[in-house]
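Working notes, structure below.
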Amino acid sequence: MEQTINCAEACVNGCVLGDKCPNTEFKEATSKFIEETSLDQMLEMAEERLRKKMTEPPKWVFPEDS
C-alpha cells in the first residue's frame, strides 16, 4: 500500500518520503532549471509574470444561489 500525503504541507522542510516520493520527476527538471538559469533571468521571469497578472482584467467570482 502506497502512502499518500499532502506534499505542500508535509514536505515544507524537505521531502518526508525520500526515494518513495511520487514527485521525483519534477526534482530533476527543477535542478536542471536552477543550474541553467541565472538569478537575473529568474527575476525577469517573475517580474514579467507579475506585470501580466497586474494587467489582466479582474476575475469575478459569484457565489452559487442556494
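What the table below lists for this structure:
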| item | result |
| --- | --- |
| Residue in the stretch 36-58 that is assigned to a helix (DSSP H, G or I), at pLDDT 90 or above, among the polar types (S, T, N, Q) and open to solvent by 100 Å² or more (accessible area, probe 1.4 Å) present | yes |
| Tally of residues being in a loop (DSSP other than H, G, I, E, B), open to solvent by less than 100 Å² (accessible area, probe 1.4 Å) and among the hydroxyl-bearing types (Ser, Thr, Tyr) across the stretch 1-35 | 0 |
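The values are calculated or read from the model by the stated rules, or taken from the named source; none is laboratory data. None of the values given here were measured: they were computed from a predicted structure. Surface areas here come from the heavy atoms of the whole protein model, side chains and all, with no ligands, DNA or RNA. Shrake-Rupley method; radii C 1.70, N 1.55, O 1.52, S 1.80 Å.
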